[in-house]
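Some notes on the structure that comes next.
The values are calculated or read from the model by the stated rules, or taken from the named source; none is laboratory data. This one's a predicted model, so the numbers in the text were calculated from it and none came from an experiment. As a convention, Cβ positions derive from the backbone with ideal geometry for all residues, glycine included, and neighbour counts pool all protein chains shown. Heavy atoms of the whole protein, side chains included, go into the accessibility calculation; ligands, DNA and RNA do not. Shrake-Rupley method; radii C 1.70, N 1.55, O 1.52, S 1.80 Å.
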Amino acid sequence: MGLGIGAGCDRAPAPWSDAELALLQSLWIESLPPPSPDPSNRVADEPRAADLGQQLFFDPRLSGNGAVACATCHQPARHFTDGLARSQAIGTTRRNAPSLIGAAFSPWQYWDGRKDSLWSQALSPLEDPNEHGGNRMQYARLVANDPAYRRAYEALFGALPDLSDASRFPAAAAPVADPILNSAWQAMATADQDLINQIFANLGKAIAAYERLLLPGPSRFDAYVAALLSGATPNEHLSAAEVRGLRLFLDE
């Protein structure tokens, strides 16, 4: 009688070799180091920046219609994604929103890796017409005119410029494809553009400081490895089928 596919499934699992244990330990969450420092963001690990970034992340005023926040497409209840094949904000995006959990460990952001820092990635959706659909002049004014935001921003980055002169700082402007926004931006003095760009970049850096705190938590796999390494019986954490799958996963 031939052997069926499940033959041997009830046998006691073979012990892991020292080399396999070392590989399992390398994949264990306790072996995960903290995210690498970001030399382009001096407030990357500043708790006050993370607090400001968290407020910005959930604030729908950072959008053209006042209804879209970062959390619209990166929902905590869905592991900081939205469960959609293509994310829906002001418009429909070209791709789905990747989870932000553990994003601080990646040197490249977006599915195609077109951004090289969390803070630069955080800025792009804010001016994308299908996502937040706003503009950097609008966001600079929001921070300058909201007392709580202003206090938090200035404690981190220094005094905000006076934006009250509408001849220098229009209500809406950005170097984007929209002809009206772009024309207003090009009419600004270079020094004033630099001031707004700095505010805009700093908002991204605060959001990134919050996102760096979104770290993965332990899974049943991690409990299994912890039990193995301590000499305890790990069978309660993974089923026999899952252990067989793990062996296949590690097998060269």
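General observations
- Calculated FRET value between residue 247 and residue 32, using beta carbons and R₀ = 25 Å, to 0.05: 0.65
- Accessible surface, per residue, of the range 30-83 when the full set of protein chains is kept, probe 1.4 Å, Å²: 55 Å²
- For the chain, the share of accessible area belonging to carbon and sulfur comes to 55 percent (1.4 Å probe, ligands and nucleic acids excluded).
- Residues in the range 128-252 average 51 Å² of solvent-accessible surface per residue, probe 1.4 Å, ligands and nucleic acids excluded.
- With the simple model of a label 7 Å out from the Cα in the direction of the Cβ, residue 220 to residue 124 spans 3.6 nm.
- Potential lengthening between residue 79 and residue 162 on full extension [0.36 nm per residue; Cα-Cα distance subtracted]: 26.0 nm
- Each Lys and Arg contributes +1 and each Asp and Glu -1, all at the Cβ; summed about the Cα centre of the range 139-252, the dipole is approximately 160 debye.
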